[in-house]
Every structure is written in structure tokens, then in C-alpha cells.
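Data first, discussion second: the structure below is written as C-alpha cells.
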Amino acid sequence: PRITVEQATSTAHASASRDSLGRPRELPIYTDKAGSFSAETMAYNYKTRIGTASEISSKSEQGIFSGKDVKRMPTGELQIEDGIYTTCDLEEPHYWFAGKQMRIIPGERLISRPFVMYIHPEIFNRRLPAVPVMYLPYLSAPISNKRSSGFLFPRVGQSSGVGAYLSNLGYFWAINDYADLRLEGDLAFRGSWRLGERFRYKNG
């Protein structure tokens with residue numbers, strides 16, 4: 001990748017190297033304590049610590065995300081246009097979440113406006129077209145293992161008994177340091193469903 005620095009504006013620019021057909025061959029990679037990501041083009045102002053990138057992709061313990069245009073703030077927060085997020089690590093994921101405007105706070109939560117869940121069904125080892133199965137105008141959900149209030153991230157599953165289903169639909173409420181409440185449910189595409197709750201209290 002090519003890197004140039006403009007001393008007058010304190011900005012570093014990086015762009016992917018390309019093959020003879022003009023296709024990206026090797027992408028620049030940005031790394032700091034919050035994680036790393038690759039993109040076709042990047043710009044980073046090392047005085048303001050604000051960066052921008054186009055056609056970004058990243059993989060971390062919290063999930064995999066990509067987007068058209070990204071602005072990285074000094075706090076490490078990512079503001080993504082036309083963002084896609086998934087926890088499925090397949091090259092063609094079975095499900096993903098999309099939002100026109102998406103914010104990722106590393107190690108904390110994902111915020112999306114709107115929030116659309118897609119599944120990529122597979123029948124007899126053949127992938128069918130992607131299908132949107134859930135739409136919310138706004139969603140704020142934790143993407144860490146810490147106790148934090150927010151909507152649970154839906155998951156897609158497959159069972160011989162009920163077929164394809166959505167699970168982990170619900171909300172987690174961290175009431176205080178000693179109590180929390182989890183409301184969740186499952187919904188199968190064949191019509192069956194489940195609702196459940198869990199209340200925990202720790203005697204201080």
C-alpha cells in the first residue's frame with residue numbers, strides 16, 4: 001500500500017496497492033489499542049486523532065463489521081455509513097445486521113439507525129437469496145460480555161425438530177450491581193415460539 005504524509009495538515013494518507021486490472025491487491029491496515037481494521041483508503045490526522053476510511057472491514061472478538069465510509073474518533077468509536085455487522089465468521093455469513101448509520105463503541109455496544117437483520121438460508125447445500133427478517137428503526141445493543149443494559153443480539157439456528165429459528169430475542173436489564181433481569185424468546189419459522197425470563201439477585 002502507498003502511504004503519503006502531508007506535513008502542512010498533519011495528515012497521513014494510505015491507499016491500497018492494485019493489480020493490472022485496477023483491483024485492490026493489498027490493503028493498508030490501521031492498528032491501535034482498540035483493535036485494527038483494513039480499508040481501501042485511509043486518512044488520519046495525528047494531531048486531532050480523527051481518521052476516515054472507505055470500504056472498511058474488521059474482525060475482532062466482538063464480531064465482524066464492514067462499511068462504505070467510516071470516521072474514527074479519538075475515543076476509538078467508529079461511525080459507519082452503510083454498515084454491516086455479524087458474529088458469523090464464514091466468508092458468506094448465514095446472517096448479518098445492516099444499518100444506514102451505525103456506531104460501534106469497541107468493547108461496549110453497537111448502535112444502528114435503522115437495524116435490519118438478514119439471513120442467508122441454505123437448502124440442500126445451496127444458498128438462497130438473502131432475506132430481511134427483522135426491522136427496527138433504532139437499536140442499541142451491547143457487544144461485550146460485561147453486564148450492560150440493552151437489547152440482546154438475535155441469533156439464527158437450525159433444528160431438525162423446528163427448522164430454522166431466531167433465538168436470543170429480548171432485553172437485558174442491569175438493574176444495579178446486585179440484580180439483573182433477562183427477558184428473552186425464540187421464534188421458529190414454522191410457527192412455534194418460546195418466551196422466558198431470568199431474574200438474578202446477589203446478596204451483597
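The values are calculated or read from the model by the stated rules, or taken from the named source; none is laboratory data. Since the model is a prediction, treat every value here as computed from it, not as a measurement. Here the Cβ positions follow ideal geometry from the backbone for every residue, glycine too, while neighbour counts run over all protein chains shown. Protein only, heavy atoms only, side chains kept; ligands, DNA and RNA dropped before computing areas. Shrake-Rupley method; radii C 1.70, N 1.55, O 1.52, S 1.80 Å.
Shape summary: the chain maps onto an equivalent ellipsoid whose semi-axes, from the alpha-carbon gyration tensor, are 36, 24, 12 Å in decreasing order.
Pairs of Cα atoms nearer than 8 Å and 6+ residues apart set the relative contact order; for region 89-173 it is 22 percent. The alpha carbon radius of gyration of region 36-80, expressed as a multiple of 2.2 N^0.38 Å, is 1.08. Residue by residue through region 38-48, which ³J(HN,Hα) values in whole Hz follow from phi under the Karplus form 6.51 cos²θ - 1.76 cosθ + 1.60 (θ = phi - 60°), with glycine and proline marked x? Listing the rounded values in order: 10, 7, 6, 9, 9, 9, 9, 8, 7, 9, 7 Hz.
Relative contact order for region 131-204: what is it in percent, counting Cα pairs under 8 Å that are at least 6 residues apart?
Result for region 131-204 is 21 percent.
For the listed peptides 167-174, 85-92, a ranking on the average number of other beta carbons within 10 Å per residue, highest first, reads 167-174, 85-92.
What percent of all Cα-Cα pairs in region 118-204 falls into each 10 Å bin, going from 0 up to the bin containing the maximum distance? Pairs per bin, as whole percents: 14, 39, 30, 14, 3, 0.
Could you check how many percent of all C-alpha pairs in region 14-128 are farther apart than 23 Å? Don't skip to the answer; put the middle values down first.
Details: 2198 of 6555 pairs.
Of all Cα-Cα pairs in region 14-128, 34 percent lie more than 23 Å apart.
So for the chain, taking the charge dipole from beta-carbon charges (+1 Lys/Arg, -1 Asp/Glu), which of Trp96, Tyr165, Gly83 sits furthest toward the positive end? Of the options given, the answer is Tyr165. Largest GNM mean-square fluctuation among Ala98, Ala43, Ala164, using the chain with Cα springs under 10 Å: Ala164. Probing with 1.4 Å while keeping every protein chain in the model, the per residue accessible area of the chain equals 63 Å². What a 1.4 Å probe finds exposed on the chain is 53% carbon and sulfur by accessible area, rounded to a whole percent.
To the nearest 20 debye, what charge dipole does the chain have about its Cα centre, counting +1 at the Cβ of each Lys and Arg and -1 at the Cβ of each Asp and Glu? Walk me through the numbers on the way to the answer.
Numbers: 26 positive and 21 negative charges, 62 e Å.
That gives a dipole near 300 debye.
The residues neighbouring Phe115, those whose beta-carbon lies less than 13 Å from its own, together hold a net charge of +4 under the Lys/Arg +1, Asp/Glu -1 convention. Computed over region 57-204, relative contact order equals 12 percent, with contacts defined as Cα pairs under 8 Å that lie 6+ residues apart.
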